[in-house]
Structure formats: structure tokens, C-alpha cells
Amino acid sequence: MPNFNQPLVSIITVVYNNAEYIRDAIESVLSQNYSRIEHIIIDGGSTDGTVDIIKEYSDKISVFLSEPDEGIFDALNKGIIRSHGEIIGILHSDDLFCDKYVISDVIKKMRDTETELCFSDLVIVDAVSGKLVRYYMAHYFRRWMLRIGWLPPHPTAFLKRSIFDEFGLYSTNYQIAGDFDFMIRVFYGRKINWSYMNRISVKMRSGGKSNSGFSNKILSAKEIHESLNMNNIFTLYFFQVGRYLIRIKELLIKPSLKSM
């Protein structure tokens, strides 16, 4: 039974033609031991059977919308607008929570530290074999690292709704860096009370738009540079070399089995 002393948590899942993995994402949310979750699924008008799978869970999904959109950040904005939670998190259709305690651990961390934003670590795994590709760590995050294009793992971030009320939604001017642009506005808008939860919370399958293909890496670098300039933060393209040095480190370091 829901514990109404706990804050309502809205989990937003955006999907388009992902019948292969959408069920896993839904089951991952349903597996959480936290009692007050609303799951909001925004579909971009899928034609591959994704919608049929989602409808199987109609009694367990709080909001379901299927219509064409202008990209992932437009879809996320639709989910945020339709959400009711005090805390908002994102679970993409390719991703999974690492265990059933993720959301309850996040809420405890945010309560104990009285923070507005909490993030943790993420692992990227091969979509076919399930083998570890990269350990995306966040414990060394500092605000200045945004200048080199590095941000904490966005899929692990949980934010108070008031953050979106204050800083607005995701910009739809970016194909890839809308999450980066949002974090720039938040962290450089004022002193944000944030916390890091020392654990792996999300397992991401490789192949996402920002992680695959040389052309997407070029586009990502271009959009990050544009966002920094638009927000009046001095930067040079060369600074982004630092981001890839961090990624090399993440490729080499392997998490312990206990943390997975």
C-alpha cells in the first residue's frame, strides 16, 4: 500500500519503435519497492508493436500518450507537463534500474541531505551480449566540468519538480545536447543543493544517439559548444578533449560485482 508520507515520484519513459526492450523498462519500474510511483510513458507514434506491449500494462501506467513528437526532448517535456510527482526521474526505454531499491535509496538520500537534485553512477552494457562497455561514474563531478562538456549521468538524475518550475523544460533546439543545456541552466543559474549517491543505479544498453556513430559525436560537440555560448559561459572546442580523457578512464575502470 502507498505510504502517503513519502513524496510521489514520477518516472518518465520516452519511446519510439522499441518493442524489443520497452517491456523490460516497464517491468523495471514495476519492480521497485518504493510505494508511490507514477509511470508516465510518452510514445512517438510507434508502428512496431511497442504500443501493444504498453497497453498490456494499462492498469499499471499512470499516463500513456502516443503521438508524433519533435524528438526526445519534446517528448520528455510532454511527460514532465503531465506529471504530478514532487520528484521527477527518467528511465529511457533501453534502460533498467539496477535493482528494486533504486528509487527508495534516492528518496532517502535526498531527504537525508535535503537536496534538490541527486545523481549516481551508471553502467553502459552491450545490447546483445550484456557485457560491460563503460562505467560512467559521477563521484568526481564539479560544476567546472560542464565547461568541457561533461555532465553527471543524466539517466540517473532525480530532480525536485521545483527545479523545472524555476528553470523551465528541456530546449527542443538540440537533437542530442538538450540534457546538457538543461544542466547548464540549472548549475549556472544559482547555487544548486545537489548530492551524489555512491552506487550504480541504472544499466544502459549501448547504441544511444549520443553514444553511437562519429557524426553524432561531432553533432554532440557542436551542440555542447553552442549551449555554453548561449548561456554566456566561456568555452573553446579544445576544452572538450577533457571529456574524452574522462571517457578513456571510464572504459578502463571496472565496477565491483557487488555494485552491480
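The values are calculated or read from the model by the stated rules, or taken from the named source; none is laboratory data. This structure is a prediction, so every number in the text was calculated from the model and none was measured. Note: ideal-geometry Cβ built from the backbone for every residue, glycine included; neighbour counts use all protein chains shown. Protein only, heavy atoms only, side chains kept; ligands, DNA and RNA dropped before computing areas. Shrake-Rupley method; radii C 1.70, N 1.55, O 1.52, S 1.80 Å.
Arg23 - would you say it is over 25 Å from Ser171 (Cα atoms), within 19 Å of the chain's Cα centre (by Cα), surrounded by 13 or more Cβ atoms within 10 Å (Cβ to Cβ) and among the basic types (Lys, Arg)? Yes: the conditions hold for Arg23. Kindly indicate the residue of the range 150-192 that is among the small types (Gly, Ala, Ser) and more than 16 Å from the chain's Cα centre (by Cα) and also farthest from Ser220 (Cα to Cα) among those meeting that condition. Taking the candidates together, the pick is Ser162.
One residue stands out in the range 219-258 among those that are aliphatic (A, V, I, L, M), out of contact with any strand residue (DSSP E or B) (no Cβ under 8 Å at 6 or more places or on another chain) and not in a helix (DSSP H, G or I): the one that is least open to solvent (accessible area, probe 1.4 Å), namely Ile233.
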